Amino acid sequence: QVHLVESGGGLMQAGDSMRLSCTASMSAFGGYIMGWFRNAPGKERQFVSAITFSGSSADYIDSVKGRFTISRDNAKNTVYLKMNNLNPEDTAAYYCAAKRRGWSTLRGEYDNWGQGTQVTVSS
């Protein structure tokens, strides 16, 4: 059983920084690809970022490149998303997700999801 819990969301102003955390209760956390997705109002859930098992490599959607950084601490079963220079277009519910075996940025290939944390950015 995989259980993911996100934290760190809230109301921010444009230009602010924030860090989201996702703590996993599972064995062999290091054997999972970890990803962050987001649901903006009225839009489908969208890939934001993912990180490899060891944390040595990551990918991002273009709109967050240079502003967001994903990282993980396998000893703490935790993945982070540091978000800098937030803008109103980043407003969304952010979800942590995990998958085994193989790199992917596709929502449908992640089979473990957290409950989400809301990030709201005002202009």
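The values are calculated or read from the model by the stated rules, or taken from the named source; none is laboratory data. Note that the structure is a prediction, hence the values are computed from the model and not measured. With ideal geometry, Cβ positions are generated from the backbone for all residues, glycine too; neighbour counts draw on all protein chains shown. In case anyone asks, the SASA skips ligands and DNA or RNA and just uses the protein heavy atoms, side chains included. Shrake-Rupley method; radii C 1.70, N 1.55, O 1.52, S 1.80 Å.
Scanning the range 61-104 for residues that are closer than 27 Å to Ser27 by Cβ and part of a strand (DSSP E or B) yields a count of 17.
For the range 40-47, indicate whether the set of residues that are outside any strand (DSSP E or B), touching a strand residue (DSSP E or B) at 6+ places or on another chain (Cβ under 9 Å), more than 15 Å from Gly114 (Cβ to Cβ) and open to solvent by less than 40 Å² (accessible area, probe 1.4 Å) is non-empty.
yes
Scanning the range 48-70 for residues that are over 11 Å from the mean Cα position of the chain (by Cα) and either among the β-branched types (Val, Ile, Thr) or surrounded by fewer than 16 Cβ atoms within 10 Å (Cβ to Cβ) (or both) yields Thr52, Ser54, Gly55, Ser56, Ser57, Ile61, Asp62, Ser63, Val64, Lys65, Gly66, Arg67. Reported count of residues in the range 39-53, each being of a type in the set (Lys, Arg) and out of contact with any helix residue (DSSP H, G or I) (no Cβ under 8 Å at 6 or more places or on another chain), is 1. Just one of (1) among the polar types (S, T, N, Q); (2) farther than 26 Å from Leu11 by Cα; (3) open to solvent by less than 30 Å² (accessible area, probe 1.4 Å) fails for Thr78. It is (2). Every condition in (1) closer than 14 Å to Gln118 by Cβ; (2) crowded, with 18+ Cβ neighbours inside 10 Å; (3) not hydrophobic (A, V, I, L, M, F, W, C) holds for Ser7 except the one numbered (2). On the stretch given as the range 10-22, residues that are surrounded by 15 or more Cβ atoms within 10 Å (Cβ to Cβ) and in a strand (DSSP E or B) total 5. Scanning the range 105-123 for residues being open to solvent by 30 Å² or more (accessible area, probe 1.4 Å), assigned to a strand (DSSP E or B) and of a type in the set (A, V, I, L, M, F, W, C) gives a total of 1. Just one of the numbered conditions (1) open to solvent by 50 Å² or more (accessible area, probe 1.4 Å); (2) in a strand (DSSP E or B) is not true of Ile33: (1).
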